[in-house]
Amino acid sequence: MTRIAILGFLLESNRFAPITRQADFEARCWLEGAEILEDANSDAPRQGAEIPAFLDEIERHLQVEIVPILVAGAEPGGPLDEAVLQHVLATVRTRLAEEGPVDAVYIASHGAMSGVETRDPDGALLTSVREAVGSDVPMVATLDLHANLSDTMVEAASCLIGYRTNPHVDQAEVAREAAIILARMIKGTAFHMSFLRLPLTPASVTLLTNGPGAYAERVDEAARLSDPRGDIVNASVLGGFVYSDTPDNGLAVLVTATDRATAERESARLAGRLWADRHRFVHELTSIADAVRAVTAPDGARWILADSGDNPGGGGRGTSTGLLRALIDAGAEDALYGLFIDADLAAEATSAGVGASFAARFLRNGSDGSGDAFTEDAVVIALSDGKVVGRRGLVAGRQVDLGPTVALRIGGVTVVVASNRKQCADPVYFEHLGLDPADFRTVVVKSRGHFRAGFDEFFGPDQVLEVDTKGLTSPVLRNFTFTGLPRPVFPLDADAAWRPPDWAVPHLQALELLP
């Protein structure tokens with residue numbers, strides 16, 4: 001019987017957002033020991049899709065005893081509080097010691113975590129597990145496509161595997177591949193990882209994979225190379241998360257193969273092509289004024305607008321008001337807007353009740369830097385406790401708690417106000433209030449890209465406008481004062497240069513890709 005330890009620790013850190021603390025994990029997912037398996041086997045788990053899929057797949061290949069350790073995940077937010085990190089590391093070490101020797105480890109990670117004190121919490125976790133289980137125990141981890149891959153992470157793990165889809169809809173598929181690769185390692189197959197990081201830190205809006213683009217092309221190429229049962233078991237192209245603002249930022253390529261030379265050649269080829277295409281990682285946004293003109297034009301065209309600067313899925317607070325005010329001031333009709341995050345406003349509307357008219361005070365405590373306080377006459381049209389199960393895309397099949405949630409009508413604009421910070425990636429966030437996106441000419445979502453997998457049944461790619469709004473996830477990188485990035489980097493520094501390591505130079509020369 002093969003004993004496999006499973007654990008997960010997931011946070012996407014935006015250095016410009018408030019510190020992420022213990023309560024943030026407890027609000028979304030904190031599971032220890034047997035709780036992990038109970039949740040994984042439930043109809044609507046709190047944890048992500050990775051561990052349930054891994055458990056299902058590994059049993060197809062081995063007779064296993066699963067040793068559940070800890071799974072903790074928080075909404076994307078600010079740097080990790082050091083006390084939380086130390087608590088996690090201590091819990092993992094203690095539980096691994098108490099459980100005794102294991103034959104392998106699977107870790108569901110994110111890869112873009114940064115800390116108030118510790119620069120690389122993901123690397124610290126992998127290193128801590130490695131020290132606990134020993135140097136010869138296979139350890140495989142799955143990573144978000146936006147991971148900032150550090151040298152420490154690569155050195156500690158036996159294999160690292162990134163998502164391939166953005167919007168992310170392949171977490172289960174990637175975890176199944178991890179199970180296949182880990183089973184091969186347990187049976188004695190050895191693999192080599194080759195890793196290159198580029199001085200390329202693009203905004204997240206340039207990292208979509210469900211359409212044309214330099215990134216999508218290389219991810220697709222990497223996917224064609226990958227076969228968990230073959231010689232190149234995985235090729236990952238990790239876009240990074242620039243808002244983490246760490247020295248480990250940078251678009252990265254990681255290839256794992258049975259042969260070192262093959263892994264190095266293919267990683268060099270993918271990295272060389274990405275660098276050659278670096279100028280394609282620049283993206284133009286739609287101004288608020290142009291977006292409002294489009295949705296109020298007499299042609300009746302339907303649009304979905306992404307409030308891209310204020311994406312809670314990247315650490316945004318869900319409180320920018322510029323686009324909302326512009327829609328109201330322009331007299332927009334048949335517009336649906338969400339999720340605005342304002343627990344005070346949701347509580348007041350809940351107390352008033354359905355049908356009540358009142359003066360809705362947005363951000364009653366004043367400006368928060370992304371949005372300005374304002375008051376408008378509103379009618380309460382729906383109320384909810386905010387407990388839903390995701391229907392499509394990123395959170396399909398998972399429990400989600402929006403907290404007390406209300407729908408307000410302000411002129412021709414319906415605004416959904418939630419208490420708990422979530423990005424509007426799933427139409428169920430509207431539908432559970434009796435609001436059908438199909439009934440509206442315009443839908444506005446506080447989301448960067450995951451809404452595309454949730455709302456594509458209502459809007460095609462040619463009906464999407466990414467709007468230049470204020471917030472902690474603005475794709476306009478010059479809006480931020482970065483202090484941790486490994487400057488110079490493109491596109492912030494137009495003259496940034498890539499100096500590949502010596503081992504990569506012959507491969508790049510042979511492929512005529514030397515920068």
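The values are calculated or read from the model by the stated rules, or taken from the named source; none is laboratory data. Model, not experiment: these values are computed from the prediction. Heads up, the Cβs are rebuilt from the backbone with ideal geometry, glycines too, and the neighbour counts pull from every protein chain shown.
Summary table below
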{"read-out": "Failed criterion for residue 387 (all others in (1) in contact with an Asp or Glu (Cβ under 6 Å, 6 or more places away or on another chain); (2) at positive phi hold)", "value": "(2)"}
{"read-out": "Test: residue in region 176-190 that is closer than 20 Å to residue 113 by Cβ and either in contact (Cβ under 8 Å) with a residue 12 or more places away in the chain or in contact with a Cys (Cβ under 8 Å, 6 or more places away or on another chain) (or both)", "value": "yes"}
{"read-out": "Criterion (under 24 Å from residue 368 (Cβ atoms) and either surrounded by fewer than 21 Cβ atoms within 10 Å (Cβ to Cβ) or in contact with a strand residue (DSSP E or B) (Cβ under 8 Å, 6 or more places away or on another chain) (or both)) met by exactly one of 319, 296", "value": "319"}
{"read-out": "Selected residue (criterion: surrounded by the fewest Cβ atoms within 10 Å (Cβ to Cβ)) from residues of region 224-275 that are among the hydroxyl-bearing types (Ser, Thr, Tyr) and assigned to a helix (DSSP H, G or I)", "value": "262"}
{"read-out": "Residues located in region 216-251, provided they are over 16 Å from residue 199 (Cβ atoms) and of a type in the set (Phe, Trp, Tyr)", "value": "243"}
{"read-out": "Any hit, region 81-102, residues being farther than 27 Å from residue 188 by Cα, among the charged types (D, E, K, R) and in contact (Cβ under 8 Å) with a residue 40 or more places away in the chain", "value": "yes"}
{"read-out": "Every residue from region 374-405 that is closer than 21 Å to residue 420 by Cβ and touching a Ser or Thr at 6+ places or on another chain (Cβ under 6 Å)", "value": "383, 384, 386, 403, 404, 405"}
{"read-out": "Sole exception among (1) without any contact (Cβ under 8 Å) to a residue 24 or more places away in the chain; (2) more than 24 Å from residue 438 (Cβ to Cβ); (3) assigned to a loop (DSSP other than H, G, I, E, B) for residue 355, by number", "value": "(1)"}
{"read-out": "Matching entry among 257, 261 (being in contact with a strand residue (DSSP E or B) (Cβ under 8 Å, 6 or more places away or on another chain) and of a type in the set (A, V, I, L, M))", "value": "257"}
{"read-out": "Within region 185-204, tally of residues that are more than 15 Å from residue 267 (Cβ to Cβ) and surrounded by fewer than 19 Cβ atoms within 10 Å (Cβ to Cβ)", "value": "5"}
{"read-out": "Residue within region 328-336 that is part of a helix (DSSP H, G or I) and out of contact with any His (no Cβ under 7 Å at 6 or more places or on another chain) present", "value": "yes"}
{"read-out": "Selection within region 278-293 - surrounded by fewer than 24 Cβ atoms within 10 Å (Cβ to Cβ), within 25 Å of residue 212 (Cβ to Cβ) and of a type in the set (A, V, I, L, M)", "value": "282, 285"}
{"read-out": "Matching residues, region 399-426, being free of Cβ contacts under 8 Å to residues at least 60 places away in the same chain and more than 15 Å from residue 384 (Cα to Cα)", "value": "409, 426"}
{"read-out": "Single condition residue 365 does not satisfy, out of (1) in contact with a strand residue (DSSP E or B) (Cβ under 6 Å, 6 or more places away or on another chain); (2) free of Cβ contacts under 8 Å to residues at least 60 places away in the same chain; (3) outside any strand (DSSP E or B)", "value": "(1)"}
{"read-out": "Conditions (1) touching an Asp or Glu at 6+ places or on another chain (Cβ under 8 Å); (2) closer than 27 Å to residue 41 by Cα: number failed by residue 401", "value": "(1)"}
{"read-out": "Among the residues listed as 178, 183, 147, 141, the single one being assigned to a helix (DSSP H, G or I), among the hydrophobic types (A, V, I, L, M, F, W, C) and under 21 Å from the mean Cα position of the chain (by Cα)", "value": "178"}
{"read-out": "For residue 190: the one exception among (1) in contact with a strand residue (DSSP E or B) (Cβ under 8 Å, 6 or more places away or on another chain); (2) in a loop (DSSP other than H, G, I, E, B)", "value": "(1)"}
{"read-out": "Subset of region 244-258 (residues that are more than 26 Å from residue 113 (Cβ to Cβ) and either of a type in the set (A, V, I, L, M, F, W, C) or modelled with pLDDT under 95 (or both))", "value": "257"}
{"read-out": "Those residues of region 378-404 which are part of a loop (DSSP other than H, G, I, E, B), surrounded by 17 or more Cβ atoms within 10 Å (Cβ to Cβ) and touching a strand residue (DSSP E or B) at 6+ places or on another chain (Cβ under 8 Å), in sequence order", "value": "386, 398, 402, 403, 404"}
{"read-out": "Selection from region 278-300 of residues that are assigned to a loop (DSSP other than H, G, I, E, B) and in contact with a Lys or Arg (Cβ under 8 Å, 6 or more places away or on another chain)", "value": "300"}
{"read-out": "Candidates 355, 366 - the one that is exposed (fewer than 15 other Cβ atoms within 10 Å of the Cβ), at pLDDT below 95 and over 19 Å from residue 448 (Cα atoms)", "value": "366"}
